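What follows is a set of notes on a single structure, which appears directly below.
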Amino acid sequence: MSISLQTQKMMQLLAQVILADGHIFATEIEALALGTVKLGLKDEDGALLSSAATRQWFKDYLQELNTTWSTTPKDIVLTQLILSLAEWPDKQAVVDVLENISLADANLHREEKLLISIVKAYWQYDGLDAPGARIEV
């Protein structure tokens, strides 16, 4: 299965809310899988990502994070990721999915809430969905 770079980035952003508090729960991974369906994320062949494909992607992503060393500070990488998705067409749906994932373990952690607030701030959330609105990166 091949996934486009933009879809990969969105999945990485969604995964950040799972990783934010340092604990990974099965319910959060399931919420991630449901979120990819809600957002209509597809592979490069245009097929919707299945729950199984999303779970496998997350497993592979964790392995990649654990084996790849970056000299770029984590907050810079996250900022670049968020800004690279600033043109995503339905930001409200993304924020909804982030919130659903954060609540999947029945506890909204401070780190998760902060991440969602940062996404909204960087995306200049209020009004950004208006036609022609852009963020220059």
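Just so you know, all these numbers are worked out from the coordinates, no wet-lab data involved. Here the structure is a predicted model, which is why all the values come from computation and not from measurement. Neighbour counts run over all protein chains shown; Cβ positions are idealised from the backbone, glycine included.
Filter segment 1-37 down to the residues that are within 15 Å of Lys113 (Cβ to Cβ) and of a type in the set (Asp, Glu), then identify the one that is surrounded by the fewest Cβ atoms within 10 Å (Cβ to Cβ). Checked segment 1-37; the qualifying residue surrounded by the fewest Cβ atoms within 10 Å (Cβ to Cβ) is Asp21. Within segment 48-85, the set of residues being touching a Phe, Trp or Tyr at 6+ places or on another chain (Cβ under 8 Å) and more than 22 Å from Lys38 (Cα to Cα) comprises just one member, Thr79. Within segment 85-107, residues that are free of Cβ contacts under 8 Å to residues at least 60 places away in the same chain sit with their Cβ atoms under 6 Å from residues that are assigned to a loop (DSSP other than H, G, I, E, B) and of a type outside the set (A, V, I, L, M), at 6+ positions apart or across chains, in these pairs: Ala86/Trp123; Lys91/Trp123; Lys91/Asp129.
One line per residue, one yes/no per condition, for (1) surrounded by 13 or more Cβ atoms within 10 Å (Cβ to Cβ); (2) touching a Ser or Thr at 6+ places or on another chain (Cβ under 7 Å):
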position	(1), (2)
Leu49	yes, yes
Lys59	no, no
Trp69	no, no
Lys74	no, no
Thr79	yes, no
Ile82	yes, no
Leu85	yes, no
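Cβ separations smaller than 9 Å between residues 6+ apart or across chains give the following pairs from segment 18-35 residues that are within 15 Å of Ala106 (Cβ to Cβ) and without any contact (Cβ under 8 Å) to a residue 60 or more places away in the chain to residues that are polar (S, T, N, Q) and assigned to a helix (DSSP H, G or I): Ile29/Thr54.
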